[in-house]
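Read the figures in this text as sums done on the coordinates, not as results from a lab. Computed from a prediction, not measured in an experiment: that's the story for all the values here. Positions of Cβ are generated from backbone atoms using ideal geometry, with glycine treated the same way; all protein chains shown enter the neighbour counts.
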Amino acid sequence: MNIFHNAKFSITANDLNGLPDTPAEIAFVGRSNAGKSSAINALCNHVRLAFVSKTPGRTQHINFFELANGCFLADLPGYGYAQVPEPVRAHWVKLLGSYLQTRRQIAGLLLIMDARHPLKPQDWQMLDFFAATGKPVHILLSKADKLSKNEQIKTLSAVKKSLQPLGERQEVSVQLFSSLKKQGLDEVGAVAAEWFARAAAAADAEPAGGGETDGKIG
């Protein structure tokens with residue numbers, strides 16, 4: 001069974017002080033129209049676990065969902081959507097940046113991109129920003145069903161080629177994904193299971209805690 005199945009809503013956090021105490025979590029992030037909520041619902045085999053809105057940018061907090069293994073999924077605010085009040089956008093930027101660079105429980109980052117429009121400037125910014133943590137990133141090229149089989153192959157190849165320069169400083173992998181066609185679910189589940197296993201091994205090997213740094217996405 002996919003590791004995300006049977007997930008249940010836990011808590012919503014609007015600031016770092018409201019974050020739950022978790023053993024490990026995987027953060028989901030992406031542009032506001034990339035299909036992040038649909039991806040979460042498909043992975044968790046749940047119709048409305050994460051709210052899917054026709055208005056990008058609806059998620060203004062970090063929503064946590066508990067998985068059957070006791071670990072968590074963290075749904076982060078979407079980025080790159082300009083049509084929101086500046087104070088709201090500024091809050092998202094600060095919350096996102098601080099969480100991603102100071103949260104030691106993050107086992108890895110699942111970065112969702114529209115397969116028709118991958119690797120936009122803010123996606124590159126996110127990759128560069130998160131690289132400082134030394135933690136892995138797995139990219140889901142969502143809405144792959146909107147492309148022909150040939151276009152899917154070409155897009156995946158092009159994205160992999162573009163990501164090659166990151167290999168020396170960041171662990172980044174990528175796959176095609178479709179919430180509608182249930183494409184790539186098992187592949188994501190396998191990546192997540194490996195990340196949680198690494199987090200558990202690291203927790204057993206080292207005492208809890210450690211230094212944290214303040215972060216901000218510009």
**OP:** Could you give the DSSP H helices of the chain that reach 27 angstrom or more along their long axis (alpha carbon positions) and whose average Kyte-Doolittle hydropathy is no lower than 0.5?
**Re:** 185-205
Original post:
Roughly how many debye, to the nearest 20, is the charge dipole of the range 63-179 about its Cα centre, given +1 on each Lys and Arg Cβ, -1 on each Asp and Glu Cβ, and no other charges?
Top reply: 200 debye
Original post:
Given DSSP loops and a limit of at most 14 other Cβ atoms within 10 Å, what is the longest stretch of the chain that contains no such GluC sites (Glu not before Pro)?
Top reply: 1-167
Original post:
With +1 on each Lys and Arg Cβ and -1 on each Asp and Glu Cβ, how big is the dipole of the range 135-195 about its Cα centre, in debye rounded to the nearest 20?
Top reply: 280 debye
**OP:** Before rounding to the nearest 500, sum -39500 (n - 2.57) across all DSSP H runs of length at least 4 in the chain and divide by the residue total; then give [θ] at 222 nm in deg cm²/dmol.
**Re:** -10500 deg cm²/dmol
**OP:** Of the DSSP beta bridges with both residues in the chain, give the percent that are antiparallel, rounding to the nearest 5.
**Re:** 30 percent
Subject >> Once exposed loop trypsin sites (Lys or Arg not before Pro) are cut out (DSSP; at most 16 other Cβ, 10 Å), longest piece of the chain >> reply: 117-168
**OP:** With +1 on each Lys and Arg Cβ and -1 on each Asp and Glu Cβ, and nothing else charged, work out how big the dipole of the chain is about its Cα centre, in Debye to the nearest 20.
**Re:** 940 debye
Subject >> Cross-link partners of Lys161 among lysines (Cα-Cα below 17 Å; sequence separation of 8 or more within a chain) >> reply: Lys120
